[in-house]
1. So for the chain, taking the charge dipole from beta-carbon charges (+1 Lys/Arg, -1 Asp/Glu), which of 91, 4, 116 sits furthest toward the positive end?
2. Just to verify a number: FRET efficiency for residue 109 and residue 84, C-beta to C-beta distance, R0 = 30 Å, to 0.05?
3. Of the accessible area of the chain, with the probe set at 1.4 angstrom, what percent is carbon plus sulfur?
4. Could you report the chain's accessible area per residue, 1.4 Å probe, as an integer in Å²?
5. Of 23/65; 23/43; 65/87, which sit over 20 Å apart, Cα to Cα?
6. When only C-alpha pairs under 8 Å and at least 6 residues apart count, what is the relative contact order of region 1-59, in percent?
7. Would you work out the relative contact order for the chain, in percent, from Cα pairs under 8 angstrom that are 6 or more residues apart?
8. So if R0 is 22 Å, what FRET efficiency would residue 25 and residue 121 give, r being the distance between their Cβ atoms, rounded to the nearest 0.05?
Amino acid sequence: QVQLVESGGGLVQAGDSLRLSCKVSGRSFSTLFMGWFRQVPGKEREFVAAISWRYISTYYADSVKGRFTISRDNAKNTVFLQMNSLKPEDTAVYYCAAVGSARRPDNKEEYDYWGQGTQVTVSS
């Protein structure tokens, strides 16, 4: 069983930065395709970013492109989401997700494993 544990959320002001981490256990991390999604109450969970395991390709939602950076450290079984220039509309619960391979990295239905989420709140 794959387990994902997010950390790094918090309350910040607009323009600040945060780095989220997701520690993975239970399976060889280096073979997992990893993604970050976010959700606000009453809305669908939406794609934020993803990173492949094989070629280290990255994918971003248009709303975060240029501000967020996804990366991974296979030696530490951890994926990161560096979030800069945060905006109030980035406020959400952020979830880490994993799958062996993904044809559509932005499709939440493709992911098999999910973390419990970490709250990010950006005040104006």
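The values are calculated or read from the model by the stated rules, or taken from the named source; none is laboratory data. Please read all numbers here as calculations on a predicted model, not as lab measurements. Ideal geometry is used to build each Cβ from the backbone, glycine not excepted, and the neighbour counts take in all protein chains shown. Surface areas here come from the heavy atoms of the whole protein model, side chains and all, with no ligands, DNA or RNA. Shrake-Rupley method; radii C 1.70, N 1.55, O 1.52, S 1.80 Å.
1. Ranked along the dipole, the leading option is 4.
2. 0.55
3. 45 percent
4. Solvent-accessible surface per residue comes out at 52 Å².
5. 23/65; 23/43
6. 25 percent
7. Taking the mean separation of contacting Cα pairs over the length of the chain, I get 36 percent.
8. E between residue 25 and residue 121, to the nearest 0.05, is 0.20.
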